[in-house]
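Just below is one structure, and these are the notes that go with it.
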């Protein structure tokens with residue numbers, strides 16, 4: 001492995017342990033619409049772009065996407081997640097370590113910029129990231145590689161000198177399609193398919209072993 005000069009982090013499921021919390025919200029929303037699903041059945045929604053999420057929800061509900069999106073947004077607004085509670089405790093130590101090692105840090109998330117900024121500010125980690133990219137700003141987000149290709153250009157670092165930290169199957173596929181080396185943070189509950197990742201870790205603190 002080359003000397004690492006930069007790291008691109010995913011946010012949901014990596015810096016904050018949010019994937020299960022979001023799936024619980026989707027589960028509650030679907031129940032409100034008269035559909036009952038187990039969490040494991042909703043793994044397809046984890047890490048999915050807004051467009052892909054809308055497609056899945058249409059298959060489940062057979063309700064026009066615009067109506068479902070309005071209902072979903074309202075449900076999420078009424079059932080806010082406490083980001084401080086799900087912020088990974090080891091993340092701050094890892095970010096401080098990487099900053100001390102002068103590793104350039106970027107964030108590439110499928111979430112909206114508003115949501116990203118809210119999480120980063122609430123968890124007080126916004127100052128660590130020189131570049132923040134939202135998948136909502138592209139025609140297609142993960143698993144499409146465009147978000148990672150754009151982020152790499154913004155960083156100005158060769159792909160072979162970069163690492164990507166992901167957790168979901170979609171995110172891993174996006175990064176690999178962009179020609180990047182991927183470390184997957186394993187989720188012991190949702191157990192995403194991380195077979196396409198170059199390396200797997202059980203804790204964010206293990207990232208320090210790669211520097």
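We did not get these values from a lab; they are worked out from the coordinates using the rules stated. No experiment lies behind these values; they were computed from the predicted model shown. When we count neighbours, we look across all protein chains shown, and the Cβ atoms used for this are built from the backbone with ideal geometry, even at glycine.
Values as computed for the structure displayed
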{"quantity": "Only listed residue being closer than 30 Å to residue 211 by Cβ and under 21 Å from the mean Cα position of the chain (by Cα), chosen from 52, 42, 23, 120", "calculated": "120"}
{"quantity": "The stretch 32-60, residues that are more than 25 Å from residue 137 (Cα to Cα), out of contact with any helix residue (DSSP H, G or I) (no Cβ under 6 Å at 6 or more places or on another chain) and part of a helix (DSSP H, G or I)", "calculated": "32, 40, 41, 60"}
{"quantity": "Residue 67 being in contact (Cβ under 8 Å) with a residue 24 or more places away in the chain, loosely packed, with under 14 Cβ neighbours inside 10 Å and over 24 Å from residue 173 (Cβ atoms)", "calculated": "no"}
{"quantity": "Residues of the stretch 145-169 that turn out to be surrounded by 21 or more Cβ atoms within 10 Å (Cβ to Cβ) and either touching a helix residue (DSSP H, G or I) at 6+ places or on another chain (Cβ under 9 Å) or without any contact (Cβ under 8 Å) to a residue 60 or more places away in the chain (or both), as a count", "calculated": "11"}
{"quantity": "Qualifying residue in the stretch 18-25 (condition: touching a residue at least 12 places away in the same chain (Cβ under 8 Å), surrounded by 19 or more Cβ atoms within 10 Å (Cβ to Cβ) and under 25 Å from residue 198 (Cα atoms))", "calculated": "yes"}
{"quantity": "The stretch 91-117, subset over 17 Å from the mean Cα position of the chain (by Cα) and surrounded by fewer than 14 Cβ atoms within 10 Å (Cβ to Cβ), residue farthest from residue 130 (Cα to Cα)", "calculated": "93"}
